[in-house]
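What follows is a structure written as structure tokens; I'll ask about it next.
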2 protein chains.
Amino acid sequence: MTGDQRALTVGLLGLGVVGSGVVRLLHDHADEIAGRVGARLQVGPVAVRDRTKPRDVEAMHALHAAGATLTDDPSAVVGADGVDIVVEVMGGVDPARDLLLAALKSGQSVVTANKELIATHGAELLSAAQEQSVRLEYEAAVAGAIPIIKPMRESLAGDRVRKVLGILNGTTNYILTRMTEEGADLEPVLAEAQDLGYAEKPDPSADVDGHDAAAKAAILASLAFDAEVTRDQVFTEGIRDVTATDIAHAHRMGYVIKLLGIAEEVEVDGQRAIGVRVHPAWVPAEHPLASVREAFNAIFVQADAAGALMFYGRGAGSLPTASAVVGDVVPAARALLAGEQLPRVSVARKPIRPIDDAIVQYYVLLDVLDEAGVLAAVAATFGDHDVSIKSVWQEGEEDHAQLLLVTHAAREGNVQACAAALEELDVVRSVASLMRVEGREV
Amino acid sequence: MTGDQRALTVGLLGLGVVGSGVVRLLHDHADEIAGRVGARLQVGPVAVRDRTKPRDVEAMHALHAAGATLTDDPSAVVGADGVDIVVEVMGGVDPARDLLLAALKSGQSVVTANKELIATHGAELLSAAQEQSVRLEYEAAVAGAIPIIKPMRESLAGDRVRKVLGILNGTTNYILTRMTEEGADLEPVLAEAQDLGYAEKPDPSADVDGHDAAAKAAILASLAFDAEVTRDQVFTEGIRDVTATDIAHAHRMGYVIKLLGIAEEVEVDGQRAIGVRVHPAWVPAEHPLASVREAFNAIFVQADAAGALMFYGRGAGSLPTASAVVGDVVPAARALLAGEQLPRVSVARKPIRPIDDAIVQYYVLLDVLDEAGVLAAVAATFGDHDVSIKSVWQEGEEDHAQLLLVTHAAREGNVQACAAALEELDVVRSVASLMRVEGREV
């Protein structure tokens, strides 16, 4: 084995579940990693908020074996002499943002798992990294263990990505899988997910309302289209309104319901614009995303030359996320040894397409009166709003009737206006469900 | 946009379907690529065997626009002044091997799509690349457009891969998909695949007998386990013996049949050894590989920390393969601009586990006499060979009866000896099918 002569030091900010996993992997796989890097990676100082908090025993043993200090002073890591690579696994925007800016400015390479930070201040951090010609890596910030950042940035660098569809949140995919396979409604399954620790208690909003997926969608859109896209630009709807009835209807028509993060590049008035949104959608049962079950994540990419690609794996968890972090540390270490001077690359600001201008296909479920003329009134309303109907079914159930419609692709704003107008019709009791259809290009 | 000041030159060896795709992508996406590299990539001289052969019109236009020469002299590319990166898309071992060794020795970076060459002489080429500290990239050699080489080498560099299961050949996956969905036998579907150009005429052996998949399995095993594994070390069985009956039996028991390339690292006598094989296998219908249809490829990776990962996409075709080639050219170009000095990494020689020592689960179909004592005789034979039966079904059909058995995991050599002994039993007419079961770990 070569490379035992040299060593690089990896400092950590944070030592929670992911940080503990990182320390364990660097320790347990030290020999293989040395072979792959060409130098040993030494676990260096670890800065935490509260030194007295109980920690993962195996990680503490590994730290002890490495002679690494545990401190509550981040300056023992950030900008510290002899710390070559800073791994940030503390989470949150503050103080992570200031710490990482300081680390980059001092010439340290940075690896982070912090999706919130990258989705809000990614461009600022990347610019700081470029100024110092050091690396900023964040594979673990999107879809845990799944390699997606590097494939997007490197493997597809000669191609043009058109659209990205991702199952980016394991908790909601777990909930939708249980609802689908057990015919259950959201509430009991959510309670079960909270008991299993998949969803936060008491407030599961980050997962269920789509915020977590939205941060990841912003990062994917930035990468796919060489642009700066932030979390607040992502149109976001969660899964709270998805019912067992919706899932049953979808199933009967050959679809499953998934919470998708969607990023696409489109022409608007001759200009390229980016559309980015998170919402539940009907996905055809034969689409590769449809068979992604339980808490797994997957990202489906449509590129001009490569065609359809999909990346599948665990989106969260201590060791899967730690694997992605160490998978960023290794090339960062190799780059340091290689004396890499990074060329500057360009990131353009591109306009974001307003959600109302999105072109989408819809599934619409209406509770209607069971009388003559209903379909004519409904169809006229669709026509008035320039929304074309692809197929329609009517079914009676005791005292009320239901109309199920699938539209052709239509302008989002028109569909929403059409739905509002439908609510006003005398023959329509309510718009019981309104859901987008995705993944029909395959 | 930055980087317009500098340019790097990319020379090609070969201008067939893949080479034409590479030229078109470099031309059509020149501006985006310049933004991602930090310099413009100039298509340089292209060396072909026969200058008079008709070529792709769009590629010729792109060459003309770039002012690139088409020559039958490879020395205009290999070792030529001003050619920074050599793209080899000519295929075959000779003369590609000598040309690429010469290119690497002259300090050029090399990108190749040549699976045969890498699966037979990969270690020699990598060693030549390391001596000159230049890059040798071969993402396109395995599974076309699917990014798998870089994820294995980089993203999983901090992890330990245990097993790789891949659908590595699109033609056989297309044939098995048609057989499954139409209940057809191999012969008519193979003839159809040949007419569609999916399988070679008149000899479809490279695909159908598993040779193509075996070369890719050797490359994956090398990468997954930091070892030198060559094509001739891969145990290889093709799909010629798979029947519509096998597929129907598998379906009834919740399985599909796929041609898999399998690489695993195992302990043999306290030493690590590599098992690598290609053969048809039963895969559970709920396994992510089971839903990979038509000519798509997919690679399923089981790693200690990351858990299960899968990479899915098009395994062949002009533009998908060209996308992977250009996806290698871009980081190679960035590395040149960055003045990267590659650290030396270690590749160990590891023993290859003999196929007889593989531990596998089997599905066995026996044509037996319909009389008392058959099951007892069969069960005794399994017991004699230390193969434990997990489940068994008996069914009668007109004048003959069938026994279907699924074994527990057993030593391959024992199962083969058991099958030979079963053939000798008076009560057994024939061993109608003998097929391995994979993917039960999920």
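The values are calculated or read from the model by the stated rules, or taken from the named source; none is laboratory data. Small disclaimer: the values here were computed from a predicted structure and weren't measured. Cβ atoms come from the backbone with ideal geometry, glycine included; neighbour counts cover every protein chain shown. Only protein heavy atoms, including side chains, enter the accessible area calculation; ligands, DNA and RNA are left aside. Shrake-Rupley method; radii C 1.70, N 1.55, O 1.52, S 1.80 Å.
Give the Rg (one decimal place) followed by the Dmax (whole number) of the stretch A:1-70, computed from C-alpha coordinates and expressed in Å.
Taking only Cα atoms of the stretch A:1-70, I get Rg and Dmax of 12.3, 40 Å.
Just to confirm the filter: which trypsin sites (Lys or Arg not before Pro) across the stretch A:103-200 are DSSP coil and have at most 13 other Cβ within 10 angstrom of their Cβ? Provide the component values of the computation, followed by the final result.
On the way: sites: A:K105, A:K115, A:R135, A:R153, A:R160, A:R162, A:K163, A:R178; in loops: A:R135, A:R160.
When the trypsin sites (Lys or Arg not before Pro) of the stretch A:103-200 are filtered for loop state and at most 13 Cβ neighbours within 10 Å, nothing remains.
If amide H atoms are built 1.01 Å from N in the plane of the peptide, which residues on other chains or at least 5 residues away come under 5 Å of the amide H of B:V368?
Under 5 Å from the amide H of B:V368 lie the amide H atoms of B:A401, B:Q402, B:L403, B:R429, each far enough along the sequence or on another chain.
Report the B-A buried area as the accessible area lost on both sides summed, probe 1.4 Å, in Å² to the nearest 100. Don't skip to the end; give the middle numbers.
Working: alone 19120 and 19130 Å², together 33400 Å².
Result for this pair: about 4800 Å² buried.
Rg and Dmax of the stretch A:126-238 over Cα atoms: what are they, in angstrom?
When restricted to Cα atoms, the stretch A:126-238 yields Rg and Dmax of 16.7, 54 Å.
Same structure again: Checking the a/c ratio against 1.5 first, then a/b against b/c, what shape does the Cα gyration tensor give for chain B? Before the final figure, lay out the partial values.
Details: a/c = 2.69, a/b = 1.99, b/c = 1.35.
Since a/c reaches 1.5 and a/b is larger than b/c, the shape of chain B is classed as prolate.
Quick one: among B:M90, B:M152, B:M253, which has the greatest mean-square fluctuation in a GNM of chain B with alpha-carbon springs under 10 angstrom?
The residue that fluctuates most here is B:M253.
While we're here: Give me the percent relative contact order of the stretch B:326-442, please, defined on Cα pairs under 8 angstrom at least 6 residues apart. Kindly include the intermediate steps, with their values, before the conclusion.
Details: 167 pairs, mean separation 40.6, N = 117.
With pairs under 8 Å counted, the relative contact order is 35 percent.
From the helices alone, meaning DSSP H stretches of at least four residues, give me the mean residue ellipticity at 222 nm for the protein assembly as shown, per-run term -39500 (n - 2.57), in deg cm²/dmol to the nearest 500. Please list the in-between numbers first.
Values: 26 runs with 306 residues, N = 884.
Using -39500 (n - 2.57) per qualifying helix, the result is -10500 deg cm²/dmol.
Follow-up question, since we're still on this one. When only DSSP loop residues count, what trypsin sites (Lys or Arg not before Pro) in the stretch B:402-442 have their Cβ near at most 13 other Cβ atoms within 10 Å?
Working: sites: B:R411, B:R429, B:R436, B:R440; in loops: B:R440.
Sites meeting the loop and neighbour criteria: B:R440.
Through the Karplus equation 6.51 cos²θ - 1.76 cosθ + 1.60, θ set to phi - 60°, convert the phi angles of the stretch B:290-303 into ³J(HN,Hα) values in whole Hz; use x for Gly and Pro.
5, 8, 7, 10, 6, 8, 6, 10, 7, 10, 9, 10, 10, 10
Quantify, in whole percent, the carbon and sulfur part of the accessible surface of the stretch A:53-93 (1.4 Å probe; protein heavy atoms only). Show your work: numbers first, answer last.
Details: 1070 of 2040 Å².
Solvent-exposed carbon and sulfur of the stretch A:53-93 make up 53 percent of the total.
If you don't mind, another one. Separation of the stretch A:1-67 and the stretch B:85-154 by C-alpha centroid, Å?
Result: 34 Å between the Cα centres.
Checking understanding here: applying a Kyte-Doolittle mean of at least 0.5 and a length along the axis of at least 27 Å (C-alpha), which whole DSSP H helices in chain A pass? Provide the component values of the computation, followed by the final result.
Values: long enough: A:318-338 (30 Å, 1.20).
Qualifying helices, which must be both long enough and hydrophobic enough, are A:318-338.
Next up: How big is the C-alpha Rg of the protein assembly as shown next to the rule-of-thumb value 2.2 N^0.38 Å, as a ratio? Each step should come with its number before you reach the end.
Numbers: Rg = 28.5 Å, N = 884, 2.2 N^0.38 = 29.0 Å.
That works out to 0.98 for the protein assembly as shown.
Still on this model: Where the centroid of each part is defined by its Cα atoms, how far is the stretch B:182-226 from the stretch B:327-386 in Å?
18 Å
For the stretch B:362-413, how big is Rg over Rh, using alpha carbon atoms and the Kirkwood form of Rh?
0.98
In whole Å, what are the Cα extents of the stretch A:45-166 along the three principal axes, biggest one first?
Rounded to whole Å, the extents work out to 49, 31, 25 Å.
Something else about it: Roughly speaking, what is the stretch gain from A:D31 to A:A285, that is 0.36 nm per residue apart minus the C-alpha to C-alpha distance, in nm to one decimal? Show your work: numbers first, answer last.
Numbers: separation 254, 0.36 × 254 = 91.44 nm, distance 4.43 nm.
Gain on stretching A:D31 to A:A285: 87.0 nm.
Run the numbers on the stretch A:1-140 and let me know its relative contact order in percent, using alpha-carbon pairs under 8 Å that are six or more apart.
With pairs under 8 Å counted, the relative contact order is 23 percent.
Given B:A290, B:Q271, B:V326, which one lies farthest toward the positive end of the charge dipole of the stretch B:270-401, if we put +1 on the Cβ of every Lys and Arg and -1 on the Cβ of every Asp and Glu?
B:V326
With +1 on each Lys and Arg Cβ and -1 on each Asp and Glu Cβ, and nothing else charged, work out how big the dipole of chain A is about its Cα centre, in Debye to the nearest 20.
With only Lys, Arg, Asp and Glu charged at Cβ, the dipole is about 1920 debye.
So what's Rg/Rh here for the stretch B:177-258, counting alpha carbon atoms and using the Kirkwood radius for Rh? Mind showing how you got there, number by number?
Values: Rg = 15.1 Å, Rh = 14.3 Å.
Checking Rg against Rh, the ratio lands at 1.06.
On average, how many beta carbons from a partner chain sit within 10 Å of the beta carbon of a residue in B:142-151? Each step should come with its number before you reach the end.
Values: counts 0, 0, 2, 9, 6, 12, 3, 1, 6, 9.
Per residue, the number of nearby Cβ atoms from other chains is 5 on average.
Further question on the same structure: Based on Cβ point charges of +1 for Lys and Arg and -1 for Asp and Glu, what charge dipole magnitude is obtained for the protein assembly as shown about its Cα centre, in debye rounded to the nearest 20? Display every interim value, and only then the final one.
Numbers: 76 positive and 128 negative charges, 665 e Å.
Charge dipole of the protein assembly as shown: 3200 debye, to the nearest 20.
Determine the shielding of peptide B:34-47 by partner chains: average, over its residues, the number of Cβ atoms on other chains within 10 angstrom of each Cβ.
Numbers: counts 2, 7, 9, 4, 5, 1, 0, 1, 0, 0, 0, 0, 0, 0.
Shielding by partners across B:34-47 averages 2.
Could you state the accessible area per residue of the protein assembly as shown in Å², with a 1.4 Å probe and every protein chain left in place?
Working: 33400 Å² over 884 residues.
Averaged over the residues of the protein assembly as shown, the accessible area is 38 Å².
Additional query: Straight-line reach from A:K216: which lysines have a Cα under 21 Å away, not including same-chain ones fewer than 8 places off?
Cross-link targets: A:K115, A:K150, A:K163, A:K258, A:K350.
Moving to a separate point now. Could you pull out every residue, at least 5 positions away or on a different chain, whose amide H is within less than 5 Å of the one on A:V87? Hs are placed 1.01 Å off N in the peptide plane, and Pro or chain starts have none.
Those lying under 5 Å, H to H, from A:V87 are A:G11, A:L12, A:L13, A:V111.
Follow-up question, since we're still on this one. Please compute the average number of Cβ atoms from other chains found within 10 Å of each residue's Cβ in peptide A:331-337. Intermediate results must be reported in sequence, preceding the final value.
Details: counts 5, 0, 2, 6, 4, 1, 5.
Mean partner shielding for this stretch: 3.
If I take R0 = 51 Å and measure r between the Cβ atoms of A:R6 and B:E423 in this structure, what FRET efficiency does the formula 1/(1 + (r/R0)^6) give, to the nearest 0.05? Please report the intermediate quantities before stating the final value.
Values: r = 60 Å, r/R0 = 1.18.
Using R0 = 51 Å, I get an efficiency of 0.25.
What are the principal axis extents of the Cα atoms in the stretch B:304-343, in Å, biggest first?
35, 35, 11
I would also like to ask the following. Place a point 7 Å from Cα of A:K390 in the direction of its Cβ. Which residues in the stretch A:272-310 have their backbone N less than 12 Å from it?
Answer for this model: A:282-285.
So how strong a dipole does the stretch A:1-146 carry about its Cα centre when Lys and Arg Cβ are +1 and Asp and Glu Cβ are -1, to the nearest 20 debye? List each step's numbers first, then the result.
Details: 12 positive and 19 negative charges, 16 e Å.
For this selection, approximately 80 debye.
Can you list the GluC sites (Glu not before Pro) in the stretch A:273-359 that are in a DSSP coil and have 15 or fewer other beta carbons within 10 angstrom? If you can, show how the numbers build up before the last one.
On the way: sites: A:E286, A:E294, A:E340; in loops: A:E286, A:E294, A:E340.
Listed in order of number, the matching sites are A:E286, A:E294.
Please compute the modelled spin-label separation between A:A348 and A:Q132, points set 7 Å along Cα→Cβ, answer in nm with one decimal.
So the two model labels end up 3.0 nm from each other.
When the gyration tensor of the stretch B:291-442 is built from Cα positions, what are the square roots of 5 times its three eigenvalues, in whole Å, from largest to smallest? Intermediate results must be reported in sequence, preceding the final value.
Details: eigenvalues 457, 80, 33 Å².
Working from the Cα gyration tensor, I get semi-axes of 48, 20, 13 Å.
Against the globular-protein guess of 2.2 N^0.38 Å, express the Cα radius of gyration of the stretch B:354-442 as a ratio, rounded to two decimals.
Details: Rg = 12.8 Å, N = 89, 2.2 N^0.38 = 12.1 Å.
Cα Rg divided by the expected 2.2 N^0.38 Å: 1.05.
Another question, if that's okay. For the stretch A:153-168, just list the computed ³J(HN,Hα) in residue order, Karplus coefficients 6.51, -1.76 and 1.60, θ = phi - 60°, integers in Hz, with x standing in for Gly and Pro.
Going residue by residue, I get 7, 10, 5, 9, 5, x, 10, 10, 7, 9, 7, 10, 10, x, 8, 10 Hz, with x marking Gly and Pro.
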